[in-house]
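Worksheet: the structure to be examined is printed underneath.
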Amino acid sequence: MKFNVRSIRFRLTFWYMLVLLIILIIFSGIVYFSLAQALRRNADDSMQSQAEWIAGVLDMLDEGLDFEDFSEDLTEHIADREEKLYIQVRYGGGDIFYQSGQLNHVLKASDHALQRASENKRTLETITDPIWGVLRFVTMPVEDDGEIVYLVQVGASFREIQQVLRQLLLILLCSGIVALMASFFGGRFLAQRALKPVDEITKTARKIGAENLSQRLDVPSTEDELSRLVSTLNGMIERLERSFQQIRQFTGDASHELRTPLTAMRGQAEVILRKERTAEDYRQVLESNLEEMEWMSRIVENLLTLSRTDSGEIQLDINPVRLVQLIRDAHKECEVLADAKDIQVFLDEVQDIVVPGDKTRLRQMLLNLIDNAVKYTSRGGQIRLSLEMEDNFARIQVKDTGIGISPKDLPRIFDRFFRVDKARSREMGGSGLGLSIVQWIVNAHHGTIEVDSKLGDGSCFTISLPLENHQD
């Protein structure tokens with residue numbers, strides 16, 4: 001079985017095992033120390049209980065019970081108990097009064113225990129005996145008229161407790177190893193099962209290329225994280241498909257726009273060079289070629305502007321701009337452009353409004369809209385400009401009585417190279433890029449642009465720009 005330590009499958013399995021290992025360590029530690037404490041507490045309670053019983057018997061001994069009866073009763077009592085206890089009774093002076101049969105040497109209490117016994121207090125302590133190993137015993141004084149008569153000592157070996165704890169530790173260790181091995185294979189199986197949809201997504205995604213961006217990933221019906229991921233990827237692929245379509249259309253339109261003047265220039269040059277021509281003929285051809293070059297220059301300049309906006313290279317020079325001055329200047333230029341077609345240009349009463357923006361770009365925006373209005377307004381028509389403040393926005397309107405826009409063309413007027421009247425746009429000088437640039441300028445100023453138009457009745461472009469203290 002081959003493992004890739006960098007794969008998500010391996011990391012999921014590793015973390016699954018690590019978490020389980022931590023849980024097992026904590027659980028085993030709690031079980032081990034809880035049992036150890038419980039066993040020690042039970043042993044202490046049993047020893048103290050025996051010590052209290054022996055102290056009671058010793059009180060009876062002082063009342064007339066002889067030593068033989070005491071020894072016999074104590075031996076029988078010890079034999080009836082399951083746990084192995086070591087019992088030693090000493091006189092107050094230190095001599096041995098009684099020892100159980102298991103003891104063959106004296107259990108010595110610590111100075112601390114003797115000191116507490118003199119204060120009529122019992123003491124629990126642990127010692128290491130050379131024969132019995134680790135012993136836990138209680139030292140209890142038996143007092144009579146304020147004098148220590150006996151010292152009762154009851155002890156128990158921790159050897160059995162330690163043996164039980166060692167067995168428990170071995171069981172926990174073996175169980176932990178088995179659990180970790182099971183978690184490895186189980187975790188790998190679960191990781192593989194959980195990541196199976198990811199493998200399917202990967203296989204499908206590899207088949208998607210520039211030529212088949214219409215293909216989509218299958219969205220799982222689980223409505224989990226993978227489902228949301230696939231939906232997000234499908235959304236991204238859809239945006240890429242639209243972008244590729246726009247790029248293809250943009251490239252085709254740009255090629256067409258540039259091919260037309262180049263073809264015209266080439267045709268005129270070939271015709272003029274077939275035979276000798278007069279100077280006037282050469283002059284006419286050169287003038288025509290110059291017009292075509294100017295036309296291509298405008299297209300290339302607009303394409304360069306849009307390309308730089310797409311890449312984010314154009315930075316706006318934001319400063320307070322008085323729109324009233326801009327729209328008055330635009331009105332004057334509009335009158336000059338409209339004079340040749342006998343178009344009337346009106347400037348409604350305007351308010352003095354200041355917005356944050358790039359003065360040069362805002363002027364370009366107005367001139368593009370005005371140029372567009374003049375081109376598509378018939379001779380003798382009208383163009384009306386207005387500026388007002390409404391709901392903390394500056395509203396700029398450019399309204400004309402031109403040919404208007406059909407409902408089917410209205411959603412596409414901001415597309416690059418799109419023209420409402422394709423037959424007349426070329427001779428009008430329109431490249432189909434002006435409104436795209438207008439839309440970029442409006443968006444760059446956090447504004448909106450709306451179009452209200454009816455075929456044959458003209459169009460009205462409304463631009464809303466946020467005021468300085470309301471800009472996002």
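Numerical summary
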| read-out | value |
| --- | --- |
| The listed residue being part of a helix (DSSP H, G or I) and modelled with pLDDT of 85 or more, out of 169, 195 | 169 |
| Where a residue in region 45-57 is outside the structural domain of residue 142 (by TED's automatic domain parsing) and its partner, wherever it lies, is in a helix (DSSP H, G or I) and at pLDDT below 85, with Cβ under 8 Å and at least six apart | none |
| Qualifying residue in region 73-87 (condition: under 30 Å from residue 163 (Cβ atoms), among the hydroxyl-bearing types (Ser, Thr, Tyr) and modelled with pLDDT of 80 or more) | no |
| Test result for residue 294, at pLDDT below 85 and either assigned by TED's automatic domain parsing to the domain that holds residue 377 or more than 40 Å from the chain's Cα centre (by Cα) (or both) | yes |
| Filter pass, residue 254 being modelled with pLDDT under 75 and either closer than 30 Å to residue 412 by Cα or out of contact with any strand residue (DSSP E or B) (no Cβ under 6 Å at 6 or more places or on another chain) (or both) | yes |
| Condition met for residue 441 (closer than 17 Å to residue 371 by Cα, modelled with pLDDT of 80 or more and not in a helix (DSSP H, G or I)) | no |
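The values are calculated or read from the model by the stated rules, or taken from the named source; none is laboratory data. Everything numeric in this text was worked out from a predicted model, so none of it was measured. In this analysis, Cβ positions are derived from the backbone assuming ideal geometry, glycine residues included, and neighbour counts consider all displayed protein chains.
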